[in-house]
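Trainee: What follows is a single structure, and I will ask about it in a moment.
The values are calculated or read from the model by the stated rules, or taken from the named source; none is laboratory data. Quick caveat: nothing in here was measured; it's all calculated off a predicted structure. So basically every Cβ, Gly included, is an ideal-geometry build from the backbone, and we count neighbours across all protein chains shown. Keep in mind that these areas ignore ligands, DNA and RNA; they rest on the heavy atoms of the full protein, side chains included. Shrake-Rupley method; radii C 1.70, N 1.55, O 1.52, S 1.80 Å.
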Amino acid sequence: MADGETADPAKIQILKDALYTEARQHGSESRLFTQKDLTDLNVIPNDNVILLLLVVQALCDDKLFVATNYQSGLAWRWRSREDAKKYTSLPNDETMLVYSVIDEAGADGIWNRTIKHKLNMHEAVVKNCIKYLETQRYIEGMKNVEHPNKKMYIKANLRPSDRATGGPWFTEGELDTAFITELQNIVFEYIKKQSAYLGSQGGHRDAGAARVPKKGTIRGTVPEAAESARGVKRAATEISNDEQPSPSAKAATENGTGAATTARPKSKMGFLPMPAGYKSYPTVSEIAKLIHETGITNNTTLGEADIQQLVDVLTFDGLVEPITVNGRKGYRVTRAAKQDTVSFAKRQKDREAGIGLDEPPNGVMPSSNGFTEAPCGKCPVFELCEEGGPVSPSNCVYFLRWLSLDDTRSGPV
(Lines give C-alpha, C1' and ligand atoms only; values in the text may rest on other atoms or scores of the structure.)
Protein backbone atom coordinates (compact mmCIF):
# COMPACT_ATOMS: atom_id res chain seq x y z
CA MET A 1 0.00 0.00 0.00
CA ALA A 2 1.36 3.41 -0.93
CA ASP A 3 2.18 5.93 1.76
CA GLY A 4 -0.32 8.43 0.42
CA GLU A 5 -3.07 5.85 0.52
CA THR A 6 -2.09 4.80 4.02
CA ALA A 7 -2.16 8.34 5.41
CA ASP A 8 -5.50 9.30 3.82
CA PRO A 9 -7.27 11.27 6.62
CA ALA A 10 -10.75 10.28 5.45
CA LYS A 11 -9.85 6.61 5.51
CA ILE A 12 -8.19 6.96 8.94
CA GLN A 13 -11.38 8.56 10.29
CA ILE A 14 -13.57 5.73 8.97
CA LEU A 15 -11.28 3.02 10.34
CA LYS A 16 -10.94 4.88 13.64
CA ASP A 17 -14.72 4.93 14.20
CA ALA A 18 -15.03 1.28 13.16
CA LEU A 19 -12.19 0.11 15.42
CA TYR A 20 -13.56 2.06 18.39
CA THR A 21 -17.04 0.58 17.90
CA GLU A 22 -15.69 -2.97 17.64
CA ALA A 23 -13.53 -2.53 20.75
CA ARG A 24 -16.54 -1.40 22.78
CA GLN A 25 -18.57 -4.37 21.60
CA HIS A 26 -15.83 -6.88 22.47
CA GLY A 27 -14.97 -5.83 26.01
CA SER A 28 -15.67 -3.57 28.96
CA GLU A 29 -13.92 -0.28 29.62
CA SER A 30 -11.37 -2.06 31.79
CA ARG A 31 -10.34 -4.68 29.21
CA LEU A 32 -6.87 -4.33 27.70
CA PHE A 33 -6.46 -4.91 23.96
CA THR A 34 -3.08 -5.98 22.61
CA GLN A 35 -1.99 -5.39 19.03
CA LYS A 36 -3.07 -8.94 18.15
CA ASP A 37 -6.48 -8.38 19.78
CA LEU A 38 -7.04 -5.26 17.69
CA THR A 39 -5.93 -7.05 14.55
CA ASP A 40 -8.32 -9.93 15.27
CA LEU A 41 -11.25 -7.49 15.23
CA ASN A 42 -10.93 -7.61 11.42
CA VAL A 43 -11.27 -3.85 10.98
CA ILE A 44 -7.87 -3.07 9.45
CA PRO A 45 -7.68 -4.40 5.85
CA ASN A 46 -5.01 -7.03 5.13
CA ASP A 47 -3.87 -6.82 8.78
CA ASN A 48 -1.74 -3.82 7.85
CA VAL A 49 0.30 -3.05 10.98
CA ILE A 50 1.34 0.44 9.86
CA LEU A 51 -2.27 1.38 9.18
CA LEU A 52 -3.33 -0.13 12.54
CA LEU A 53 -0.79 1.98 14.41
CA LEU A 54 -1.94 5.14 12.61
CA VAL A 55 -5.57 4.44 13.57
CA VAL A 56 -4.66 3.66 17.17
CA GLN A 57 -2.58 6.85 17.41
CA ALA A 58 -5.54 8.85 16.12
CA LEU A 59 -7.76 7.30 18.79
CA CYS A 60 -5.19 8.13 21.48
CA ASP A 61 -5.00 11.72 20.23
CA ASP A 62 -8.76 11.97 20.60
CA LYS A 63 -8.47 10.46 24.13
CA LEU A 64 -10.73 7.58 23.06
CA PHE A 65 -7.92 5.04 23.62
CA VAL A 66 -5.65 4.90 26.66
CA ALA A 67 -2.22 3.31 26.26
CA THR A 68 -0.82 1.27 29.14
CA ASN A 69 2.05 -1.12 29.80
CA TYR A 70 1.23 -4.80 29.54
CA GLN A 71 3.13 -8.09 29.94
CA SER A 72 3.93 -8.40 26.26
CA GLY A 73 4.39 -4.67 25.67
CA LEU A 74 1.83 -1.97 24.96
CA ALA A 75 -1.91 -2.47 25.32
CA TRP A 76 -4.91 -0.16 25.01
CA ARG A 77 -8.31 0.23 26.60
CA TRP A 78 -11.15 2.30 25.31
CA ARG A 79 -12.62 5.33 27.06
CA SER A 80 -16.17 6.63 26.78
CA ARG A 81 -16.80 9.59 24.51
CA GLU A 82 -18.12 11.61 27.48
CA ASP A 83 -14.85 11.18 29.39
CA ALA A 84 -12.82 11.81 26.26
CA LYS A 85 -14.64 15.10 25.77
CA LYS A 86 -13.66 16.17 29.29
CA TYR A 87 -9.99 15.44 28.55
CA THR A 88 -10.01 17.43 25.32
CA SER A 89 -11.65 20.40 27.07
CA LEU A 90 -8.89 20.78 29.67
CA PRO A 91 -6.78 23.94 29.28
CA ASN A 92 -3.26 22.53 29.56
CA ASP A 93 -1.18 19.37 29.89
CA GLU A 94 -0.65 19.76 33.66
CA THR A 95 -4.39 19.74 34.34
CA MET A 96 -4.80 16.79 32.01
CA LEU A 97 -2.12 14.83 33.87
CA VAL A 98 -3.69 15.55 37.27
CA TYR A 99 -7.10 14.51 35.99
CA SER A 100 -5.70 11.31 34.46
CA VAL A 101 -4.06 10.30 37.77
CA ILE A 102 -7.34 10.84 39.64
CA ASP A 103 -9.13 8.92 36.88
CA GLU A 104 -6.75 5.97 37.23
CA ALA A 105 -7.26 5.85 41.00
CA GLY A 106 -10.87 4.83 40.39
CA ALA A 107 -13.39 4.44 43.21
CA ASP A 108 -10.71 4.29 45.93
CA GLY A 109 -9.72 7.92 45.35
CA ILE A 110 -6.20 9.36 45.68
CA TRP A 111 -4.40 11.62 48.16
CA ASN A 112 -3.36 15.06 46.93
CA ARG A 113 0.24 14.46 48.04
CA THR A 114 0.30 11.22 46.09
CA ILE A 115 -0.66 13.19 42.98
CA LYS A 116 2.17 15.62 43.63
CA HIS A 117 4.84 12.92 44.08
CA LYS A 118 3.56 10.78 41.24
CA LEU A 119 3.71 13.62 38.72
CA ASN A 120 6.71 15.36 40.30
CA MET A 121 4.90 18.69 40.11
CA HIS A 122 5.14 21.74 42.30
CA GLU A 123 2.50 21.83 45.02
CA ALA A 124 1.10 25.15 43.81
CA VAL A 125 0.61 23.78 40.28
CA VAL A 126 -1.22 20.71 41.63
CA LYS A 127 -3.48 22.91 43.78
CA ASN A 128 -4.38 25.12 40.82
CA CYS A 129 -5.20 22.09 38.66
CA ILE A 130 -7.35 20.54 41.39
CA LYS A 131 -9.15 23.83 41.95
CA TYR A 132 -9.96 24.08 38.24
CA LEU A 133 -11.18 20.49 38.06
CA GLU A 134 -13.41 21.02 41.11
CA THR A 135 -14.81 24.20 39.58
CA GLN A 136 -15.68 22.26 36.41
CA ARG A 137 -17.17 19.49 38.59
CA TYR A 138 -14.88 16.90 37.06
CA ILE A 139 -13.62 15.79 40.48
CA GLU A 140 -14.71 16.16 44.09
CA GLY A 141 -13.25 15.64 47.54
CA MET A 142 -14.02 12.50 49.51
CA LYS A 143 -13.44 11.00 52.96
CA ASN A 144 -11.61 7.74 53.35
CA VAL A 145 -12.18 5.81 56.58
CA GLU A 146 -8.71 4.27 56.30
CA HIS A 147 -7.11 7.74 56.07
CA PRO A 148 -9.55 10.14 57.79
CA ASN A 149 -7.02 12.99 58.00
CA LYS A 150 -5.94 12.87 54.35
CA LYS A 151 -7.52 15.01 51.64
CA MET A 152 -8.68 12.57 48.97
CA TYR A 153 -10.10 13.19 45.49
CA ILE A 154 -12.26 11.12 43.16
CA LYS A 155 -13.99 11.58 39.81
CA ALA A 156 -17.29 13.33 40.31
CA ASN A 157 -19.33 10.67 38.50
CA LEU A 158 -17.94 7.78 40.57
CA ARG A 159 -19.35 6.32 43.75
CA PRO A 160 -16.63 5.75 46.38
CA SER A 161 -15.81 2.10 47.01
CA ASP A 162 -16.81 0.29 50.18
CA ARG A 163 -13.14 0.15 51.09
CA ALA A 164 -13.00 3.94 51.07
CA THR A 165 -16.33 4.64 52.75
CA GLY A 166 -16.34 1.66 55.10
CA GLY A 167 -19.46 0.23 53.50
CA PRO A 168 -22.93 0.64 55.01
CA TRP A 169 -21.55 0.71 58.57
CA PHE A 170 -20.05 4.19 58.22
CA THR A 171 -21.92 7.49 57.97
CA GLU A 172 -19.93 10.52 56.80
CA GLY A 173 -16.71 8.70 57.65
CA GLU A 174 -17.79 7.79 61.20
CA LEU A 175 -18.69 4.30 62.42
CA ASP A 176 -22.47 4.28 62.95
CA THR A 177 -22.62 2.21 66.14
CA ALA A 178 -26.29 3.00 66.79
CA PHE A 179 -27.29 1.71 63.35
CA ILE A 180 -25.19 -1.44 63.78
CA THR A 181 -26.56 -2.17 67.26
CA GLU A 182 -30.16 -1.76 66.18
CA LEU A 183 -29.68 -4.03 63.16
CA GLN A 184 -27.95 -6.64 65.32
CA ASN A 185 -30.87 -6.65 67.74
CA ILE A 186 -33.37 -7.04 64.89
CA VAL A 187 -31.39 -9.91 63.37
CA PHE A 188 -31.04 -11.58 66.77
CA GLU A 189 -34.77 -11.24 67.47
CA TYR A 190 -35.60 -12.82 64.11
CA ILE A 191 -33.21 -15.75 64.65
CA LYS A 192 -34.60 -16.27 68.16
CA LYS A 193 -38.22 -16.44 67.02
CA GLN A 194 -37.40 -18.71 64.08
CA SER A 195 -35.20 -21.14 66.02
CA ALA A 196 -37.13 -21.42 69.31
CA TYR A 197 -40.76 -21.38 70.39
CA LEU A 198 -42.72 -20.29 73.44
CA GLY A 199 -43.64 -23.10 75.80
CA SER A 200 -44.01 -24.01 79.44
CA GLN A 201 -40.72 -24.21 81.32
CA GLY A 202 -40.71 -26.65 84.26
CA GLY A 203 -43.35 -27.22 86.91
CA HIS A 204 -46.96 -28.28 86.17
CA ARG A 205 -48.06 -27.99 82.56
CA ASP A 206 -51.34 -26.28 81.82
CA ALA A 207 -53.77 -28.06 79.54
CA GLY A 208 -53.48 -25.31 76.93
CA ALA A 209 -49.71 -24.94 77.06
CA ALA A 210 -47.63 -25.67 73.99
CA ARG A 211 -46.17 -29.18 74.03
CA VAL A 212 -43.33 -30.88 72.26
CA PRO A 213 -44.05 -34.54 71.42
CA LYS A 214 -42.14 -36.97 73.60
CA LYS A 215 -42.47 -40.05 71.40
CA GLY A 216 -40.16 -41.10 68.63
CA THR A 217 -42.27 -39.59 65.83
CA ILE A 218 -43.62 -36.06 66.01
CA ARG A 219 -47.40 -36.11 65.72
CA GLY A 220 -50.45 -34.19 66.76
CA THR A 221 -50.45 -30.46 67.44
CA VAL A 222 -47.00 -28.95 67.02
CA PRO A 223 -46.12 -25.29 67.68
CA GLU A 224 -46.27 -23.13 64.60
CA ALA A 225 -42.52 -22.55 64.52
CA ALA A 226 -41.88 -26.33 64.56
CA GLU A 227 -44.25 -27.22 61.74
CA SER A 228 -41.47 -28.29 59.41
CA ALA A 229 -40.32 -30.97 61.87
CA ARG A 230 -43.45 -33.12 61.44
CA GLY A 231 -42.89 -36.80 60.88
CA VAL A 232 -39.14 -36.65 61.56
CA LYS A 233 -37.78 -39.51 63.63
CA ARG A 234 -36.15 -38.36 66.85
CA ALA A 235 -33.07 -39.92 68.36
CA ALA A 236 -33.48 -41.98 71.52
CA THR A 237 -31.36 -39.53 73.47
CA GLU A 238 -33.79 -36.74 72.59
CA ILE A 239 -36.80 -38.55 74.07
CA SER A 240 -37.59 -37.09 77.47
CA ASN A 241 -39.43 -38.76 80.35
CA ASP A 242 -40.33 -35.54 82.08
CA GLU A 243 -44.05 -36.18 81.60
CA GLN A 244 -43.94 -39.52 83.39
CA PRO A 245 -45.55 -39.26 86.86
CA SER A 246 -43.11 -39.19 89.76
CA PRO A 247 -43.11 -42.10 92.25
CA SER A 248 -44.69 -39.91 94.92
CA ALA A 249 -47.45 -38.78 92.58
CA LYS A 250 -48.06 -42.41 91.47
CA ALA A 251 -48.27 -43.55 95.08
CA ALA A 252 -50.66 -40.78 95.94
CA THR A 253 -52.91 -41.76 93.06
CA GLU A 254 -52.90 -45.43 94.03
CA ASN A 255 -53.79 -44.54 97.64
CA GLY A 256 -56.76 -42.57 96.43
CA THR A 257 -55.62 -39.25 97.77
CA GLY A 258 -55.83 -37.82 94.26
CA ALA A 259 -52.83 -35.48 94.65
CA ALA A 260 -49.19 -35.56 95.62
CA THR A 261 -48.27 -34.66 99.17
CA THR A 262 -46.07 -31.79 98.03
CA ALA A 263 -47.21 -28.81 95.95
CA ARG A 264 -46.00 -28.71 92.36
CA PRO A 265 -43.92 -25.70 91.35
CA LYS A 266 -45.74 -23.23 89.16
CA SER A 267 -44.67 -23.30 85.51
CA LYS A 268 -43.74 -20.25 83.46
CA MET A 269 -43.74 -19.46 79.78
CA GLY A 270 -40.40 -19.18 78.04
CA PHE A 271 -38.50 -20.08 74.91
CA LEU A 272 -37.67 -23.71 74.24
CA PRO A 273 -35.34 -25.17 71.59
CA MET A 274 -36.80 -26.75 68.48
CA PRO A 275 -37.14 -30.54 68.48
CA ALA A 276 -34.67 -32.80 66.72
CA GLY A 277 -35.15 -32.88 62.96
CA TYR A 278 -36.21 -29.24 62.63
CA LYS A 279 -35.04 -28.00 59.22
CA SER A 280 -36.15 -24.38 58.97
CA TYR A 281 -33.46 -22.55 60.90
CA PRO A 282 -33.06 -19.09 59.30
CA THR A 283 -30.23 -18.64 56.80
CA VAL A 284 -28.30 -15.48 55.95
CA SER A 285 -30.19 -15.24 52.66
CA GLU A 286 -33.55 -15.28 54.47
CA ILE A 287 -32.38 -12.67 56.97
CA ALA A 288 -31.16 -10.40 54.14
CA LYS A 289 -34.52 -10.79 52.39
CA LEU A 290 -36.34 -9.82 55.59
CA ILE A 291 -34.20 -6.69 56.03
CA HIS A 292 -34.79 -5.70 52.40
CA GLU A 293 -38.56 -6.26 52.45
CA THR A 294 -39.17 -4.41 55.71
CA GLY A 295 -37.23 -1.37 54.50
CA ILE A 296 -35.80 -0.66 57.95
CA THR A 297 -32.45 0.44 56.51
CA ASN A 298 -33.99 3.35 54.57
CA ASN A 299 -31.68 4.26 51.68
CA THR A 300 -28.85 1.93 52.75
CA THR A 301 -28.60 -1.24 50.67
CA LEU A 302 -27.36 -4.30 52.54
CA GLY A 303 -26.20 -7.41 50.72
CA GLU A 304 -25.82 -10.92 52.06
CA ALA A 305 -22.15 -10.26 52.81
CA ASP A 306 -23.16 -7.34 55.06
CA ILE A 307 -25.76 -9.44 56.88
CA GLN A 308 -23.17 -12.20 57.28
CA GLN A 309 -20.97 -9.72 59.14
CA LEU A 310 -23.79 -8.96 61.59
CA VAL A 311 -24.49 -12.66 62.14
CA ASP A 312 -20.77 -13.32 62.65
CA VAL A 313 -20.66 -10.71 65.41
CA LEU A 314 -23.65 -12.36 67.12
CA THR A 315 -21.86 -15.70 66.78
CA PHE A 316 -18.64 -14.36 68.29
CA ASP A 317 -20.67 -12.90 71.17
CA GLY A 318 -22.13 -16.35 71.85
CA LEU A 319 -25.72 -15.26 71.16
CA VAL A 320 -26.32 -17.47 68.12
CA GLU A 321 -24.62 -20.53 66.67
CA PRO A 322 -24.50 -22.06 63.17
CA ILE A 323 -26.26 -25.34 62.52
CA THR A 324 -26.24 -27.38 59.31
CA VAL A 325 -29.17 -29.66 58.52
CA ASN A 326 -29.15 -31.62 55.24
CA GLY A 327 -26.49 -29.31 53.79
CA ARG A 328 -28.47 -26.18 54.67
CA LYS A 329 -26.57 -23.82 56.97
CA GLY A 330 -28.80 -21.88 59.31
CA TYR A 331 -28.48 -20.22 62.70
CA ARG A 332 -30.18 -20.80 66.01
CA VAL A 333 -30.20 -18.97 69.30
CA THR A 334 -28.05 -20.24 72.15
CA ARG A 335 -29.42 -20.85 75.65
CA ALA A 336 -32.99 -20.75 74.36
CA ALA A 337 -34.50 -21.26 77.82
CA LYS A 338 -32.67 -18.16 79.11
CA GLN A 339 -33.97 -15.82 76.41
CA ASP A 340 -36.18 -12.88 77.23
CA THR A 341 -39.80 -13.27 76.07
CA VAL A 342 -40.28 -9.51 75.69
CA SER A 343 -40.37 -8.50 72.02
CA PHE A 344 -37.74 -6.23 70.53
CA ALA A 345 -40.31 -3.51 69.75
CA LYS A 346 -41.56 -3.49 73.36
CA ARG A 347 -38.02 -3.42 74.73
CA GLN A 348 -37.11 -0.50 72.43
CA LYS A 349 -40.19 1.42 73.54
CA ASP A 350 -39.30 0.88 77.20
CA ARG A 351 -35.73 2.02 76.64
CA GLU A 352 -36.96 5.21 74.94
CA ALA A 353 -39.06 5.82 78.07
CA GLY A 354 -36.01 5.30 80.28
CA ILE A 355 -36.98 1.80 81.46
CA GLY A 356 -34.46 -1.04 81.52
CA LEU A 357 -31.47 1.05 80.45
CA ASP A 358 -29.20 -1.06 82.67
CA GLU A 359 -30.19 -4.25 80.85
CA PRO A 360 -28.66 -5.57 77.59
CA PRO A 361 -30.48 -4.18 74.49
CA ASN A 362 -31.33 -7.71 73.31
CA GLY A 363 -32.54 -8.78 76.75
CA VAL A 364 -29.94 -11.53 77.15
CA MET A 365 -27.73 -11.48 80.21
CA PRO A 366 -24.12 -12.58 79.67
CA SER A 367 -23.43 -16.25 80.28
CA SER A 368 -22.13 -16.81 83.81
CA ASN A 369 -21.88 -19.44 86.54
CA GLY A 370 -20.55 -19.82 90.05
CA PHE A 371 -17.00 -20.38 88.89
CA THR A 372 -16.88 -17.14 86.89
CA GLU A 373 -18.76 -15.10 89.51
CA ALA A 374 -16.72 -16.20 92.53
CA PRO A 375 -14.16 -13.55 93.60
CA CYS A 376 -11.26 -16.04 93.63
CA GLY A 377 -10.76 -15.81 89.87
CA LYS A 378 -9.80 -12.12 90.02
CA CYS A 379 -8.58 -11.90 93.62
CA PRO A 380 -5.61 -9.49 93.90
CA VAL A 381 -4.16 -11.41 96.89
CA PHE A 382 -4.80 -14.93 95.65
CA GLU A 383 -1.18 -16.00 96.22
CA LEU A 384 -1.39 -15.05 99.91
CA CYS A 385 -4.67 -16.87 100.58
CA GLU A 386 -4.30 -19.84 102.95
CA GLU A 387 -5.64 -20.94 106.30
CA GLY A 388 -3.64 -19.29 109.06
CA GLY A 389 -2.24 -16.69 106.68
CA PRO A 390 -2.97 -12.98 106.44
CA VAL A 391 -5.83 -13.76 104.05
CA SER A 392 -7.99 -16.90 104.18
CA PRO A 393 -11.46 -18.02 103.10
CA SER A 394 -12.69 -17.66 106.68
CA ASN A 395 -12.02 -13.92 106.81
CA CYS A 396 -12.22 -13.00 103.09
CA VAL A 397 -13.92 -9.63 102.69
CA TYR A 398 -14.52 -10.33 99.01
CA PHE A 399 -16.52 -13.45 99.81
CA LEU A 400 -18.59 -11.57 102.38
CA ARG A 401 -19.28 -8.82 99.87
CA TRP A 402 -20.14 -11.37 97.13
CA LEU A 403 -22.55 -13.21 99.44
CA SER A 404 -23.97 -9.90 100.74
CA LEU A 405 -22.99 -10.88 104.28
CA ASP A 406 -20.59 -8.06 105.04
CA ASP A 407 -23.22 -6.11 107.05
CA THR A 408 -25.12 -9.02 108.57
CA ARG A 409 -22.43 -11.08 110.26
CA SER A 410 -19.02 -10.70 111.81
CA GLY A 411 -17.99 -14.33 112.40
CA PRO A 412 -16.01 -16.57 110.07
CA VAL A 413 -17.55 -17.88 106.89
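Trainee: I want to check the label-to-label distance for Asp17 and Asp176. Put each point 7 Å from Cα in the C-beta direction and report it in nm to one decimal.
Mentor: Each label point is offset 7 Å from its Cα along the Cβ direction, giving 4.8 nm.
Trainee: Using modelled amide H (1.01 Å from N, peptide plane; none on Pro or chain starts), what sits under 5 Å from the amide H of Phe33, excluding residues fewer than 5 places away?
Mentor: Trp76, Arg77
Trainee: Taking 0.36 nm per residue of sequence separation and subtracting the Cα-Cα distance, how much length would be gained by fully extending the chain between Val325 and Ser394, in nm to one decimal?
Mentor: Computed gain between Val325 and Ser394 is 19.6 nm.
Trainee: Kindly report the accessible area of the range 93-166 per residue (heavy atoms of protein chains, probe 1.4 Å, no ligands, DNA or RNA), in Å².
Mentor: 61
Trainee: How much accessible area does Glu352 have with a 1.4 Å probe, in Å² rounded to the nearest 10?
Mentor: About 150 Å², ignoring ligands and nucleic acids.
Trainee: Which of the pairs Lys279/Lys338; Lys143/Lys192; Lys155/Lys349; Lys85/Lys127; Lys143/Lys193; Lys16/Lys150 have their Cα atoms more than 32 Å apart in this structure?
Mentor: Cα-Cα > 32 Å for Lys143/Lys192; Lys155/Lys349; Lys143/Lys193; Lys16/Lys150; rest within.
Trainee: Next question, about the same structure. Treating the Cα atoms of the range 112-194 as identical point scatterers in vacuum, please give the log10 of the normalised Debye intensity I(q)/I(0) at q = 0.11, 0.14, 0.15, 0.18 Å⁻¹, two decimals.
Mentor: -0.46, -0.62, -0.68, -0.84
Trainee: With θ taken as phi - 60° and the coefficients 6.51, -1.76 and 1.60, list the Karplus ³J(HN,Hα) couplings across the range 103-109 in order, rounded to whole Hz; mark glycine and proline as x.
Mentor: Those phi angles translate into 5, 5, 5, x, 6, 7, x Hz.
Trainee: Collect residues whose amide H, placed 1.01 Å from N in the peptide plane, falls under 5 Å from the amide H of Leu302; neighbours closer than 5 in sequence don't count.
Mentor: Sorted by chain and number, the residues that satisfy this come to none at all.
Trainee: Using the crude model of +1 on Lys and Arg Cβ and -1 on Asp and Glu Cβ, and no other charge, please compute the dipole size for the range 96-204 relative to its Cα centre, in debye to 20. Don't skip to the answer; put the middle values down first.
Mentor: On the way: 14 positive and 13 negative charges, 69 e Å.
Taking the Cα centre of the range 96-204 as origin, the dipole is about 340 debye.
Trainee: Take Asp61 and Asp162, extend 7 Å from each Cα along the Cα→Cβ direction, and tell me the distance between the two endpoints in nm.
Mentor: Simple spin-label model gives 4.5 nm for this pair.
Trainee: Convert each backbone phi in the range 282-287 into a coupling constant with the Karplus relation 6.51 cos²θ - 1.76 cosθ + 1.60 (shift: θ = phi - 60°), then list the ³J(HN,Hα) values in order as whole Hz, x for Gly and Pro.
Mentor: Result, ordered by residue: x, 9, 4, 4, 5, 5 Hz.
Trainee: Give me, ordered by chain and number, the residues 5 or more places off Val320 or on other chains with an amide H under 5 Å from its own placed amide H.
Mentor: Thr315, Thr334
Trainee: Rounded to the nearest 10 Å², what accessible area does Asp40 have for a 1.4 Å probe in the complete protein model?
Mentor: About 80 Å², rounded to the nearest 10.
Trainee: Starting from the residue with the highest accessible area, list Thr341, Thr300 in decreasing order, probe 1.4 Å.
Mentor: The ranking, largest first, comes out as Thr341, Thr300.
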